[in-house]
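The values are calculated or read from the model by the stated rules, or taken from the named source; none is laboratory data. The shown structure was predicted, so the numbers you read here are calculated from the model rather than taken from an experiment. Ideal geometry is used to build each Cβ from the backbone, glycine not excepted, and the neighbour counts take in all protein chains shown.
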Amino acid sequence: MKKLLIVIDMQNDFIDGALGTPEALAIVPAVAEKLRAYPPEAVIATMDTHGPDYLNTREGRFLPVEHCIRGTEGWLLRAELLPLLRGASIYEKPAFGCLRLAQDLAKLPDLEEAELVGLCTDICVVSNALLLKAALPELDIRVDAACCAGVTPERHLAALETMRACQIEIV
């Protein structure tokens, strides 16, 4: 497996649910098109996953909006993407970045490139891109800006600049 697509948190709550934005909704077709370009075994998806005690967590105190609570409609991956995610590896993550994903990818001897798409550019996409950069400094990491959306358009652009400064390719 030389090239992977990593789809970050394309869940209902980030698209048109509790934390949804028009920009997030707008990227769904582009993410679907990107998924069609990869074989299922070369796709990984992450899911932001919280429990019913979310508001009592550190994140919940800073962002007091219940979202991606396991088993809710908002936690689910976007329905129109599900057929394209059949056969993909799915990682549930309780935090912005998925340390287990970075650790697992570091064990792949033939990995040459990882492309990231998804939500939110300025929180979970940047967190995972930087984790991968730290775990795999020689890996070519790319983020497709047209397949990402931030909490705001301004924060999306700022996150892209942060990743670019860290030698992550932005396309």
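From the list LEU35, LEU4, the lone residue that is buried (at least 19 other Cβ atoms within 10 Å of the Cβ), in a strand (DSSP E or B) and in contact with a helix residue (DSSP H, G or I) (Cβ under 6 Å, 6 or more places away or on another chain) is LEU4. Test ALA30 against the criterion of being loosely packed, with under 14 Cβ neighbours inside 10 Å and out of contact with any helix residue (DSSP H, G or I) (no Cβ under 8 Å at 6 or more places or on another chain), and give yes or no. It is false that ALA30 is loosely packed, with under 14 Cβ neighbours inside 10 Å and out of contact with any helix residue (DSSP H, G or I) (no Cβ under 8 Å at 6 or more places or on another chain).
Does ASP104 qualify as being surrounded by fewer than 20 Cβ atoms within 10 Å (Cβ to Cβ) and not in a helix (DSSP H, G or I)? Taking the combined requirement at face value, the residue does not satisfy it. Between GLY87, GLY17, the distinction of being in contact (Cβ under 8 Å) with a residue 40 or more places away in the chain, touching a strand residue (DSSP E or B) at 6+ places or on another chain (Cβ under 9 Å) and closer than 20 Å to ARG155 by Cα belongs to GLY17 only.
If only residues of segment 50-74 that are of a type outside the set (Asp, Glu), in contact with a helix residue (DSSP H, G or I) (Cβ under 7 Å, 6 or more places away or on another chain) and not in a helix (DSSP H, G or I) are counted, the one that is surrounded by the fewest Cβ atoms within 10 Å (Cβ to Cβ) is PRO64. Taking the criterion of being β-branched (Val, Ile, Thr), free of Cβ contacts under 8 Å to residues at least 40 places away in the same chain and more than 26 Å from TYR54 (Cα to Cα), would at least one residue in segment 119-126 satisfy it? No - not one qualifying residue is present in segment 119-126. The residue that is farthest from the chain's Cα centre (by Cα), among those in segment 30-89 that are acidic (Asp, Glu) and over 21 Å from CYS148 (Cα atoms), is ASP53.
If you check ALA149, ALA134, ALA165 for being modelled with pLDDT of 95 or more, more than 15 Å from GLN11 (Cα to Cα) and in contact with a helix residue (DSSP H, G or I) (Cβ under 8 Å, 6 or more places away or on another chain), only one passes: ALA134.
On the stretch given as segment 42-76, residues that are touching a strand residue (DSSP E or B) at 6+ places or on another chain (Cβ under 9 Å) and of a type outside the set (A, V, I, L, M) total 16. In the set (1) assigned to a loop (DSSP other than H, G, I, E, B); (2) surrounded by fewer than 18 Cβ atoms within 10 Å (Cβ to Cβ), GLY97 fails one condition alone, (2). Restricting ASP104, ASP13 to residues that are acidic (Asp, Glu), out of contact with any Asp or Glu (no Cβ under 7 Å at 6 or more places or on another chain) and over 30 Å from PRO137 (Cβ atoms) narrows the list to ASP13. Within segment 143-163, the set of residues being buried (at least 22 other Cβ atoms within 10 Å of the Cβ) and in a strand (DSSP E or B) comprises VAL143, CYS147, CYS148, ALA149. Whether any residue in segment 109-121 is within 15 Å of the chain's Cα centre (by Cα), over 17 Å from LEU4 (Cα atoms) and in a helix (DSSP H, G or I) is what I want to check. Checked against the condition, which is being within 15 Å of the chain's Cα centre (by Cα), over 17 Å from LEU4 (Cα atoms) and in a helix (DSSP H, G or I), segment 109-121 yields at least one hit.
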